[in-house]
Amino acid sequence: MTTALARLVRPLVFFACLCGGAALLVAAPKRKVIIDQDAFGPGGPNLQPILMVLQAPDVEVLGITTVSGDGWQKENTAHTLRMLELIGRTDVPVAAGATNPLLNSQEETKRWEKLYGPLAYKGAWTEVWPDSNTLNRTRYHAADVVPPLTEGEPTTKPLAETAAEFLVRKVREFPGEVSILAMGPFTNLALAAKLDDHFAANAKELIFMGGAFNPDSSHVDEFSLQFLHNPRVEFNSRWDPEASKIMLHAGWKKITAVPTDASVNTKLKPEMAKRVSAGDSPVAKYFARFPGDPFPLWDEVAAAVFLDPPIAKDTMTLAMDIVIDHGATYGATLSWLASHGPGLGEPDVTVVRTVDVPRLETMFVELLTRR
């Protein structure tokens, strides 16, 4: 076992049996996590981080909850179910979540753009892709339409309960043990927080990919246009700003934010893709069929921070909130020195500014090729 993968295996606990004094070896319990994701696929930066977590030997994925964002929820759910079938992990339940934001909408976004200018990226609301786009995206379609999937149609179904209901149920089942890893818009988490006042407090922690503070704009690609001229706006928070604010104010024991800042210096390099594609694990074979694009490892960074917290090289604690005024800064990130905000419930958050990139790249390859 290599050093990078060994870091993910929790220590074994030894104790002596009183009857006879025989030494027994007992593995520490696996860390429990629910992944909340706008799992647009096949493959790519939304599903690759899910694969990383599924492959971690010290983690138990209690379930995956889906939400709209990069793609519509129904399509994202279908991609997730089919991925789990192809890698032999249909034991992991999938709960379909919110299709639309709490208040924000495509129509309101169009009106906003008439006042303040076009957004560089709108996810499932993007009707016409700009000439600069290099991604192979399906044509724009309505929320209730699931186009034929490149990878084939899933035969498995999502759970009958909603994502919010699933989140609440599992956190109640394992109080203080469940980490929530949120890598898409935060509508499901806001709904869960409103469904159960104790949802966030009963969870172990929240790690989320979202927000932007001061990302390095020297690394310019088509997606960096999202923050190049408006550095405090980030897609996950901007899709559903009200949900982002509710999530932050829900009363978590611990919050770790992985903003755009932490991912701009990363990239899915061709040599990484080549090494994974050469693997013979079911996950590596899935990746070989649907390799990611050479863009920053956005959600993969968040997954890595959950899997291996010391991978975060530079962190700071800030009070954080999201703008819900529907003006020019709608959805933007607010921050203050820790505990020095306006006192309106904004939490202190551990903000990951940079990560150990070589360690991230090694982790990515080793997890996706692990059998």
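The values are calculated or read from the model by the stated rules, or taken from the named source; none is laboratory data. The structure presented is a predicted model; accordingly, all values stated were derived computationally and were not measured. Every residue, glycine among them, receives a Cβ derived from its backbone with ideal geometry; neighbour counts consider all protein chains shown.
Scan region 262-283 and give yes if some residue there is surrounded by 24 or more Cβ atoms within 10 Å (Cβ to Cβ), under 19 Å from the mean Cα position of the chain (by Cα) and closer than 18 Å to V53 by Cα, otherwise no. Step through it out loud before you land on a result.
In the first step, residues of region 262-283 are kept if they are surrounded by 24 or more Cβ atoms within 10 Å (Cβ to Cβ); the result is 262-263, 276, 283.
Add one more test, that the residue is under 19 Å from the mean Cα position of the chain (by Cα), and what stays is 262-263, 283.
Now narrow it down to the ones that are closer than 18 Å to V53 by Cα: 263, 283.
Yes, region 262-283 contains a residue that is surrounded by 24 or more Cβ atoms within 10 Å (Cβ to Cβ), under 19 Å from the mean Cα position of the chain (by Cα) and closer than 18 Å to V53 by Cα.
P270: without any contact (Cβ under 8 Å) to a residue 40 or more places away in the chain and out of contact with any strand residue (DSSP E or B) (no Cβ under 9 Å at 6 or more places or on another chain), yes or no? So that I can check it myself, show each step before the final result.
Working: without any contact (Cβ under 8 Å) to a residue 40 or more places away in the chain: yes; out of contact with any strand residue (DSSP E or B) (no Cβ under 9 Å at 6 or more places or on another chain): yes.
Yes: the conditions hold for P270.
Being without any contact (Cβ under 8 Å) to a residue 60 or more places away in the chain and of a type outside the set (F, W, Y) narrows it down to one residue among S217, S237, S244; which is it?
Details: S237 fails: without any contact (Cβ under 8 Å) to a residue 60 or more places away in the chain; S244 fails: without any contact (Cβ under 8 Å) to a residue 60 or more places away in the chain.
That would be S217, the only listed residue that is without any contact (Cβ under 8 Å) to a residue 60 or more places away in the chain and of a type outside the set (F, W, Y).
Enumerate the pairs (first residue in region 152-171 and farther than 21 Å from A192 by Cβ; second residue anywhere and hydrophobic (A, V, I, L, M, F, W, C)) with beta-carbon separation below 7 Å, excluding pairs fewer than 6 apart on the same chain, so at least 6 apart or on different chains.
That search, which allows pairs on different chains as well, returns P154/A78; P154/L81; T156/L81.
Give me the pairs: first residue in region 61-83 and over 8 Å from A39 (Cα atoms), second residue of a type in the set (K, R) and not in a loop (DSSP other than H, G, I, E, B), beta-carbon distance under 8 Å, and six or more apart or on different chains, which are they?
L62/K32; L62/K170; G63/K170
Is one or more of the residues making up region 85-108 free of Cβ contacts under 8 Å to residues at least 24 places away in the same chain and among the β-branched types (V, I, T)?
Our first condition is that a residue be free of Cβ contacts under 8 Å to residues at least 24 places away in the same chain; within region 85-108, this holds for 91, 105-107.
Filter once more, keeping what is among the β-branched types (V, I, T): none.
Scanning region 85-108, I find no residue that is free of Cβ contacts under 8 Å to residues at least 24 places away in the same chain and among the β-branched types (V, I, T), so the answer is no.
For region 316-334, how many residues are crowded, with 18+ Cβ neighbours inside 10 Å and more than 25 Å from D38 (Cα to Cα)?
Within region 316-334, residues that are crowded, with 18+ Cβ neighbours inside 10 Å and more than 25 Å from D38 (Cα to Cα) number 2.
For the condition part of a strand (DSSP E or B) and more than 15 Å from N236 (Cβ to Cβ), what is the one hit in L115, L62, L84? Outline the logic, then answer.
Numbers: L115 fails: part of a strand (DSSP E or B); L84 fails: part of a strand (DSSP E or B).
L62 is the lone residue from the list that is part of a strand (DSSP E or B) and more than 15 Å from N236 (Cβ to Cβ).
Inspect region 68-78 for any residue being in contact with a Leu (Cβ under 7 Å, 6 or more places away or on another chain), more than 17 Å from A302 (Cα to Cα) and at pLDDT 95 or above and give the result as yes or no. Talk me through it step by step, then tell me what you get.
First, the residues of region 68-78 that are in contact with a Leu (Cβ under 7 Å, 6 or more places away or on another chain): 78.
Add one more test, that the residue is more than 17 Å from A302 (Cα to Cα), and what stays is 78.
Now drop any that are not at pLDDT 95 or above, which leaves 78.
Yes: one or more hits.
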